[in-house]
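These notes are about the structure you will find just below.
The values are calculated or read from the model by the stated rules, or taken from the named source; none is laboratory data. For clarity, every value in this text was computed on a predicted model and none was experimentally measured. As a convention, Cβ positions derive from the backbone with ideal geometry for all residues, glycine included, and neighbour counts pool all protein chains shown. Side chains are part of the model used for accessible areas, which takes the heavy atoms of the whole protein and leaves out ligands, DNA and RNA. Shrake-Rupley method; radii C 1.70, N 1.55, O 1.52, S 1.80 Å.
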Amino acid sequence: MEKIYKRPESMQKRATGYCPGCLHGVANKIICGLVDEFGIADNTVAVQPIGCGALLCWTIDTDQIISLHGRAPATATGIKRSAPEKFVFVYQGDGDLASIGLAEIMHCANRGENLTVIFINNSIFGMTGGQMAPTTLMGQKATTAQDGRTPLQGYPMHMCEIINQLTAPVYIERCALDSPAHVLAAEKAIRKGFRNQLEHKGFSFIELLSNCPTNWGMSPVKSLEFMRNETMKEFPLGAFRDRSAEEA
Amino acid sequence: MERRMKLAGFGGQGVMLVGKILGYAASDHNKFATFLPSYGTQQRGGTAMCTVVVSDEEVGSPVVGFPDTMIIFNQASMDAYEDQIQPGGWVFMNSNATRPPRRTDLNVVAVPIDDMARDMGNRKASNLVMLGAFCQKTGLFTEEEIVHTLHHVLGGKPEMMALNEAAIHAGVEYVAERKQEVLYG
Amino acid sequence: MSKLFLKGNEAVAEAAVRGGCRFFAGYPITPQNEIPEYLSKRLPEVGGAFVQGESELASINMVIGASYIGTRAMTSSSGPGLSLMAEGLSTLAATPFPAVILNVMRGGPGTGAIQGAQMDYLQATKAPGHGGFRMLAYAPSTIQEAVDLVYKAFDKAWEYKAPTLLLMDGCIGSLMEPVELPPMRDVKREEYPLYTSPHLNPGNPKRRCSATMITNERDHEEWNRVQAARYETIAKNELQVEEYMLEDAEYVIVAYGTSARVAKSTIRQLRGKGLRVGLIRPITVWPFPYESLKKLDETKVKGILCLELSIPALMVEDVDHGVQGRIPIATYGRSAGIVFSSEEVAEQLESHIDTDWK
């Protein structure tokens, strides 16, 4: 019998560290599947953040480094500049990328480093216990915004739109992981981001809207409804820029 | 034999360049040397001062508290540094921009370097006139040696180099022809 | 080979390239700016990469990335920048990754003075970052020594797979001196084994996996023990000290870097007057040459002057740790970019000799 669905080869044979219902695992699996598809497992470096995103280290079977909080784009720059033949992707959450690491992601994008950045936006700090993130929605509760986020705590930051102000990036798209259709679209976007790097086209940024049932205090199903009803209204899906078809 | 020097003037008078050339020349002729610049925080203008030590053995302190030789390009520097010079020390001064020192225990070589450089049509080379005068008086480097160093430090166009060489030569001649009368003290 | 008359910062930058440096990331800060300026042009000529980081935070993490992939990497900064790099230095020590870090010291604390000083002694020797680690730290006193030590620092960093610090002071960075440069080495990228690989990916230990958090307590503690043993090896093997005119000395100056060369001039002056003064000059400030101080004979040596371009005195506890209270220790320092003259230091010594060291 032909096997049409299987564990990606570049996925470690061990349980993930993620909570039940968390969509990080879906993003991890897309990535591992694409590493297989491009046949780049032996040449890939996965640069990871601090936070739940770093649990990718238990999933992916490639070379990898867990960077300091927010600095993954800088670490990746150091790797790629001194070993341009390596395939280097960056995996970051919203606390890591949009808060403490805002400078690193902006300047990495502005230099147009030939890297692929995958940004998991679930509007909360997960690993540290549900604190407010720069991407937390207005009114959304967090352990450091117990009555819901107010203007004095700032407004949700739209990283695709912000990065779209820069000249260098080649490809910027926001996807979501809430439904099979959206997961397929996310896979397509990451595939494009990977191919851009392999074809030396430059900087690709793919934001994936995700959930956090544990810290949102919702069942997994409710968290998906929240994403559709609230998160996607604040963070519209779509490609903000796509110069992938242009010559490198 | 160790000569511990300070050079001071306005920024733009070429003070640092003279100090560096002395260092390069020492290095070229297998002597030990240090050149330590001192700038203000401003990017332009202000006082420029550097210390240069040229020695036959490894230089200990590159900081010169009490120089045996001072090259002074303006009045402000004379006022600031005159008291530091060792008794019996040497002062090379730009007589177009400073009065002689008040002290009477110093050997003074006064050269109108600004006038001389202007007369040669190369205003900017007054510092090299001073360098020539210094070399002639101290014998630290011969004119030939300093010109050799100047070539590889400045490089540049042959016509500019000819002007620079002429400036050094003018300083050398000025001191050589005058013997005593350039000296106060 | 003929000597070149070079500025300290440029000389160490070229020596780093010759020692195999093929990646540099750094952020502008006085008084070390000639280093990145020089390397921005020089590194591409030898197939290396230069990145002007958006901050010291980014720069040290770029170095971490380059070092992870096996490239000989370096950054340079001054005190305030080193403070920002503290987390990265701790990470370099933890993983551990080799890298060379240059601190061209300026006056502190805070933003401090842009001119050279020696005010980062405690940071360099005791606490370059959080979490408890040791870092081999060289303190050159001449440009030739800075050149030789930065070249050596690359070897030592890669030998021990550990960050190695060159603690220069701003005075040496901006000084010019004749120097002989070491030969150019062709160093290839080297993907050395990483301690954490089997922990992160037990199923496939050949993958290069780096993290500085190991979730199993026993493994983590074992890892700390391995590191501690390594620090002991470095301390035992890499100590460097110069003892200058020490054999018959009745008075001893302890100083490193620029202070030490000023001290040498002072010693020559005072020896001319018949005063027997000697110098202990730490070339490595970590490990510190406690033995040189331990072996001083208290029946012969009447006093020790701990000399630094710093107010307050920072090295004095280390000096006393070697002396163990047997000999009186005085301190003298200048700061804010002011460098004491040899005459000024001589005056200090003589005043102690005439009073409390009688």
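Before moving on, here are some points about what is shown:
- Summed residue charge, Cβ within 15 Å of B:Asp79's Cβ, Lys/Arg positive, Asp/Glu negative: +2
- In chain C, the DSSP beta bridges split such that about 25 percent are antiparallel, to the nearest 5.
- Value of relative contact order over region C:242-354, rounded to a whole percent, pairs C-alpha under 8 Å and six or more apart: 29 percent
- Calculated translational diffusion coefficient of region A:23-135 (20 °C, 1.002 mPa s; Stokes-Einstein with Kirkwood radius over alpha-carbon pairs) equals 153 µm²/s.
- The local environment of C:Asp297, defined by Cβ-Cβ distances under 14 Å, has a net charge of 0 under the rule Lys, Arg +1 and Asp, Glu -1.
- Intensity falloff of chain A expressed as log10 I(q)/I(0), Debye formula with alpha-carbon point scatterers, at q = 0.07, 0.10, 0.15, 0.16 Å⁻¹: -0.21, -0.43, -1.00, -1.15
- When the charge dipole of the protein assembly as shown is built from unit charges on Cβ atoms (+1 for Lys and Arg, -1 for Asp and Glu) and taken about the Cα centre, the candidate among B:Leu106, B:Val53, A:Pro213 whose Cα reaches farthest toward its positive end is A:Pro213.
- Across peptide A:209-219, the average count of Cβ atoms from other chains found within 10 Å of a residue's Cβ is 0.
- Taking every protein chain into account, the accessible area of region C:11-137 amounts to 25 square angstrom per residue (probe 1.4 Å).
- Using the alpha carbons alone, the radius of gyration of region C:250-309 stands to its Kirkwood radius in an Rg to Rh ratio of 0.97.
- Of the trypsin sites (Lys or Arg not before Pro) found in region A:173-248, the ones in coil according to DSSP and having at most 15 other Cβ atoms within 10 Å of their Cβ are A:Arg243.
- In percent, rounded to a whole number, the relative contact order of chain C is 17, using alpha-carbon pairs under 8 Å and six or more apart.
- Residues C:Asp354, C:Asp248, ordered by accessible area of protein heavy atoms at a 1.4 angstrom probe radius and largest first, appear as C:Asp354, C:Asp248.
- Number of partner chain Cβ atoms within 10 Å, mean per residue of C:43-56: 3
- Between A and C, roughly 2500 Å² of accessible area is buried in total, ligands, DNA and RNA not counted and the probe set to 1.4 Å.
- Between A:Leu208 and A:Phe119, A:Ile120, A:Asn121, A:Cys175, the built amide H atoms are under 5 Å apart, and every one of these is 5 or more places off in sequence or on another chain.
- Nearest 10 degrees, 0 to 90: helix C:257-272 Cα axis against chain C principal axis: 20 degrees
- Length-normalised contact order for region B:1-138 - Cα pairs under 8 Å, 6+ apart - percent: 23 percent
- For region A:215-225, putting each phi into the Karplus relation 6.51 cos²θ - 1.76 cosθ + 1.60 with θ = phi - 60° gives couplings of 7, 6, x, 9, 5, x, 5, 4, 5, 5, 5 Hz, in residue order, rounded to whole numbers and with x for Gly and Pro.
- Counted by Cβ distance under 10 Å from C:Leu270, the other residues give a net charge of +3, where Lys and Arg count +1 and Asp and Glu count -1.
- Ratio Rg/Rh [Cα only; Rh per Kirkwood] for region C:78-183: 0.97
- Among the GluC sites (Glu not before Pro) within region A:146-248, those in coil by DSSP and having at most 14 neighbouring Cβ atoms inside 10 Å are A:Glu199, A:Glu246, A:Glu247.
- Three principal axis lengths of region C:17-136 [C-alpha, angstrom, descending]: 38, 31, 24
- For chain C, the 222 nm mean residue ellipticity estimated from helices alone, with every DSSP H stretch of n ≥ 4 adding -39500 (n - 2.57) and the total spread over all residues, rounds to -12000 deg cm²/dmol.
- For chain B, the longest piece that avoids every one of the trypsin sites (Lys or Arg not before Pro) found in DSSP loops with at most 15 other C-beta atoms within 10 Å covers B:104-185.
- Taken one residue at a time, the phi angles of region A:174-189 give Karplus couplings (6.51, -1.76, 1.60, θ = phi - 60°) of 10, 10, 9, 10, 7, 9, x, 5, 5, 5, 5, 5, 5, 4, 4, 5 Hz. Gly and Pro are set to x.
- log10 of Debye I(q)/I(0), alpha-carbon scatterers only, for region C:242-354 at 0.11, 0.14, 0.22 Å⁻¹: -0.29, -0.48, -1.29
- For the protein assembly as shown, the normalised intensity computed at q = 0.05 Å⁻¹ comes to -0.34 (log10 of I(q)/I(0), Debye sum over alpha carbons, equal scatterers, no solvent).
- Across peptide C:4-11, the mean count of Cβ atoms from other chains lying within 10 Å of each residue's own Cβ comes to 3.
- Take the accessible area of chain B alone and of chain C alone, subtract that of the pair, and you get about 1800 Å² summed over both chains, using a 1.4 Å probe.
- For chain C, the fraction of 1.4 Å probe accessible surface lying on carbon and sulfur atoms is 52 percent.
- Over region A:1-86 - Rg/Rh using Cα atoms and the Kirkwood inverse-distance radius: 1.00
- A:Lys6 contributes about 110 Å² of solvent-accessible surface, heavy atoms of the protein only, 1.4 Å probe.
- Each residue of region C:220-227 is assigned a 3J(HN,Hα), and the resulting list reads 5, 5, 4, 4, 4, 5, 4, 5 Hz, derived from the Karplus form 6.51 cos²θ - 1.76 cosθ + 1.60 (θ = phi - 60°), x at Gly and Pro.
- Solvent-accessible area of A:Cys57 with every protein chain in place, 1.4 Å probe, in Å² to the nearest 10: 10 Å²
- Per residue, region B:2-184 exposes 43 Å² of accessible surface when a 1.4 Å probe is rolled over the protein heavy atoms with every protein chain present.
- Heavy atoms of the protein chains alone define the surface here; on that basis region A:24-242 has 33 Å² accessible area per residue at 1.4 Å probe size.
- Taking N as its residue count, the alpha carbon Rg of region C:8-56 over 2.2 N^0.38 Å: 1.03
- Whole-percent carbon and sulfur share, accessible surface of region A:26-116, 1.4 Å: 58 percent
- Largest-first ellipsoid semi-axes for region B:50-141, taking √(5λ) over the Cα gyration tensor eigenvalues, angstrom: 23, 17, 11
- All Cα-Cα separations within chain C were binned at 20 Å from zero, giving a P(r) of 30, 54, 15, 1, each value a whole percent of the pairs.
- Normalised alpha carbon radius of gyration of region B:2-184 [divisor 2.2 N^0.38 Å]: 0.95
- Applying a DSSP loop filter and a limit of 15 other Cβ atoms within 10 Å to the GluC sites (Glu not before Pro) in region C:152-257 leaves C:Glu180, C:Glu190, C:Glu191, C:Glu247, C:Glu250.
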